[in-house]
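The values are calculated or read from the model by the stated rules, or taken from the named source; none is laboratory data. Quantities reported herein were computed from a predicted structural model and do not represent experimental measurements. Here Cβ is always computed from backbone atoms with ideal geometry, including for glycine, and neighbour counts include all displayed protein chains. Ligands, DNA and RNA are excluded from the accessible area calculation, which covers all protein heavy atoms including side chains. Shrake-Rupley method; radii C 1.70, N 1.55, O 1.52, S 1.80 Å.
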Amino acid sequence: MQPLLSDSPFGAIICKAGNRICSSLTAENPLMGTRFCDLCCSEPGFCGDCCCMLCRKIITLDYDGYSYIRCEATVVDGHICGHVSHLECALRAYMAGTVGGSINLDAEYLCRYCESRTDLVPHALKLLNICTSVASYADIEKILNVGICILRGSQKSSAKELLHRIESINAKLMKGVSIQDAFKKEICVDSTVLPVVNKYQKHLVQTKLQYDQKIKLESLGKSMKEELFIAQPVHQLNAIQLLLGPN
Ligand SMILES: [Zn+2]
Ligand SMILES: [Zn+2]
Ligand SMILES: [Zn+2]
Ligand SMILES: [Zn+2]
């Protein structure tokens, strides 16, 4: 007897929601350990792996799934929640981004099913990375806009920094800068420290300490340099320099 391969009239394997590309159907389904849900997932036509909990529509995997967030909180016995929401739906429902009051979110996502909070800063960073391989200005704008919405108003310094970066890229794109140039990593966000950073950059170091050490090492001459490790504390280098005297 032939095994039953299909649930759909078109011969394709589909999930409960009629989705052929649902993650629950892939051989190496990362969500095998997903919880059993007798709430939303018991409803006909709703698939917990691919339907947004908030609007019930199927999520799309466009651009690496930039538009949705999956709750990866462990709920019972090592099983993960796995429910998904469109970020746009979650933002509209005050379940994502920065929300005050009793919800109290800071660049986070609140899962409606298990009420776990997920930090959205890594997701915003993912959005930025996704954009580097997108060729359409309109799509980049759409993706960056989601990033801006989830980071806006946050008190976290990581979120503020990232928001600044995304907004500056966005501004460059609006001015007509090429996508490649707009995404060139900005090393410096504050123009007042620019000359200092440039000085360090020229010497291929990132911090003042590394710069000072490198300059000292250089002044010690080549033979000494080979014996010294760059991370050696400054006071030791000073002692060596005292021994050798200035160049
Ligand atoms: Zn469910
Ligand atoms: Zn599904
Ligand atoms: Zn939705
Ligand atoms: Zn959850």
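Here are some notes:
- Label-zone membership for segment 64-95, site C40, 7 angstrom Cα→C-beta point, backbone N under 16 Å: 67-75, 80-95
- Average accessible surface for segment 28-147: 50 Å² per residue, computed with a 1.4 Å probe over protein heavy atoms with every protein chain in place.
- Fraction of the pair-distance distribution of segment 39-78 above 14 Å, Cα-Cα pairs, percent: 52 percent
- For M174 and I148, the difference between the fully extended length at 0.36 nm per residue and the C-alpha to C-alpha distance is 7.9 nm.
- Accessible area per residue was computed with a 1.4 Å probe on protein heavy atoms; L128 scores about 10 Å².
- Fraction of accessible area attributable to carbon and sulfur, segment 11-145 (%, probe 1.4 Å): 52 percent
- Kirkwood hydrodynamic radius of segment 33-182, from inverse mean 1/r over distinct Cα pairs, in Å: 16.1 Å
- Loop-located GluC sites (Glu not before Pro) across segment 71-126 with a Cβ neighbour count of 15 or fewer within 10 Å are E72, E115, with loop assigned by DSSP.
- Sparse packing (at most 11 other Cβ atoms within 10 Å of the Cβ) combined with a DSSP loop state is found for the following chymotrypsin sites (Phe, Trp or Tyr not before Pro) in segment 24-114: F36.
- Estimated distance in nm for a label pair at I14 and S133, the labels positioned 7 Å out from Cα along Cα-to-Cβ: 2.9 nm
- In order along segment 39-52, phi translates into HN-Hα couplings of 9, 4, 6, 8, 6, x, x, 10, 10, x, 8, 9, 10, 5 Hz, rounded to whole numbers, per the Karplus curve 6.51 cos²θ - 1.76 cosθ + 1.60 with θ = phi - 60° and x for Gly and Pro.
- Accessible-area value, K16, 1.4 Å probe, nucleic acids and ligands omitted, Å²: 110 Å²
- Per-residue SASA remark: S178, around 50 Å² accessible (1.4 Å probe; ligands, DNA and RNA not included).
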